[in-house]
Amino acid sequence: MSLLLIQRYARRLIIENRIEDSIDFFHRDALSSAVAMKVNLDVQLTLMASSLYRLMALKIGNGYENAKSRHIFRDFIDATANIKITKSDIMVKF
């Protein structure tokens, strides 16, 4: 019984950490309007962005599966790179 309780708590902790990450990085607690439709849109866009970061982290692998959105943003989205485009290739160097 105690093993089941520990496993359930671990799953809950992972979910709570992901929610906390979304609130912290995407600022879900600072919605731009009190109008219900606008709030729903803000929440939906936040959830979509968070889900896309999670999907990207899974595709990247190498330990990023559990990285916070802020970390993924810093390492891949806000990073600089050199891009070379030829007729047959696109080369991106971080």
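The values are calculated or read from the model by the stated rules, or taken from the named source; none is laboratory data. Please read these numbers as outputs of a predicted model, since none were measured by experiment. Ideal geometry is used to build each Cβ from the backbone, glycine not excepted, and the neighbour counts take in all protein chains shown. Accessible surface is based on the protein model in full, side chains and every heavy atom, while ligands, DNA and RNA are left aside. Shrake-Rupley method; radii C 1.70, N 1.55, O 1.52, S 1.80 Å.
I want to check the label-to-label distance for residue 60 and residue 9. Put each point 7 Å from Cα in the C-beta direction and report it in nm to one decimal.
Roughly 3.1 nm, to one decimal.
At a Förster distance of 25 Å, what's the computed FRET efficiency of residue 52 paired with residue 82, Cβ-Cβ distance as r, to 0.05?
0.50
Shape verdict for the range 38-94, please, from the Cα gyration tensor: rounded (a/c under 1.5), prolate (a/b greater than b/c) or oblate.
prolate
Would you please name the trypsin sites (Lys or Arg not before Pro) within the range 54-91 that are DSSP coil residues with at most 15 other C-beta atoms within 10 Å of their C-beta?
Sites meeting the loop and neighbour criteria: 87.
Per-residue accessible area for residue 88 at 1.4 Å probe radius, Å² rounded to 10?
Near enough 100 Å² of accessible area.
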